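The structure under discussion appears below in the form of structure tokens.
The values are calculated or read from the model by the stated rules, or taken from the named source; none is laboratory data. Source: prediction; values computed, not measured. Quick reminder, even Gly has a Cβ in these numbers, built from the backbone with ideal geometry, and neighbours come from all protein chains shown.
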Amino acid sequence: MFQDRLIDQLPIRIGAGVEIATDNNLIEGTLSLVIGGLIFIISISSYGIDIRLIIPLNSINFIRFPAAA
């Protein structure tokens with residue numbers, strides 16, 4: 001039930017900054033796409049290189065949308 005609500009709400013936030021926690025990582029980046037249980041994130045490394053990540057919804061512990069300063 002929670003996953004269904006989350007999937008419905010995430011497309012509204014595409015283009016927003018996001019922090020996603022899994023069991024092993026805290027991922028920061030920009031939400032770029034949500035398709036069928038997968039969340040696509042674009043993160044920028046310390047070297048200025050775009051890193052594209054695909055995160056399965058069932059591996060997420062929490063999602064946070066930090067407010068812009």
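Couple of notes before you dig in:
- Residue in the range 47-63 that is farther than 17 Å from residue 4 by Cβ and in contact with a helix residue (DSSP H, G or I) (Cβ under 9 Å, 6 or more places away or on another chain) present: no
- Checking each residue in the range 13-63 for being among the acidic types (Asp, Glu), surrounded by 12 or more Cβ atoms within 10 Å (Cβ to Cβ) and touching a Ser or Thr at 6+ places or on another chain (Cβ under 8 Å) picks out only 28.
- Filter result (under 11 Å from the mean Cα position of the chain (by Cα) and closer than 16 Å to residue 9 by Cα) within the range 26-54: 30, 31, 32, 33, 34, 38, 39, 40, 41
- Reported count of residues in the range 23-69, each being touching a residue at least 12 places away in the same chain (Cβ under 8 Å) and part of a strand (DSSP E or B), is 24.
- Being at pLDDT below 95, assigned to a strand (DSSP E or B) and of a type in the set (A, V, I, L, M, F, W, C) is a property that residue 12 lacks.
- Residue 66, sole failed condition from (1) out of contact with any strand residue (DSSP E or B) (no Cβ under 7 Å at 6 or more places or on another chain); (2) at negative phi; (3) exposed (fewer than 11 other Cβ atoms within 10 Å of the Cβ): (1)
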